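Notes follow once the structure below has been shown.
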Amino acid sequence: MTFKRTQAEPLSCQCNIRLTPSEMEELKDAASVAGITVSTYIRQRALGRRVAANTDMTTIRELRRIGGLLKHIHNESGGAYSQLTADTLIEIQKAIVSIGNGL
């Protein structure tokens, strides 16, 4: 995993904690799902920040892509299926909002 600096202030302080092996595995798994390091995961969670899973962001991007394709089909067909495409776009929007609220 690549470490990205998101703040100007250097990360110069350390905080050591003891964990059980199962707790450490749980943290590693959660950080892996989010696509970040264990340190970043712990820091974000401890400071009350949301941690978005890569799978959630990938799903949102895919839903947006599908919505764009659906809009393209709507435009190319001259609105032949306008009610169906409108209903589907509304459902895609709801899904994106629902996933986004969980982040």
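The values are calculated or read from the model by the stated rules, or taken from the named source; none is laboratory data. None of the values given here were measured: they were computed from a predicted structure. Using ideal geometry, Cβ is built from the backbone for each residue, glycine included, and neighbour counts are taken over all protein chains shown. For accessibility, only protein heavy atoms count, side chains too; no ligands or nucleic acids. Shrake-Rupley method; radii C 1.70, N 1.55, O 1.52, S 1.80 Å.
Overall, the stretch 49-88 carries a charge dipole of about 300 debye about its Cα centre when +1 sits on the Cβ of Lys and Arg and -1 on the Cβ of Asp and Glu, all other atoms neutral. Site pair residue 26 and residue 84 shows an inter-label distance of 4.8 nm when each label is modelled 7 Å from Cα along Cα→Cβ. When peptides 24-32, 79-87 are ranked by their average number of other Cβ atoms within 10 Å per residue, the highest-first order is 24-32, 79-87. Overall, the ratio between the Cα radius of gyration of the chain and 2.2 N^0.38 Å, rounded to two decimals, is 1.56. In the assembled protein chains, residue 97 presents an accessible area of approximately 70 Å² (probe radius 1.4 Å).
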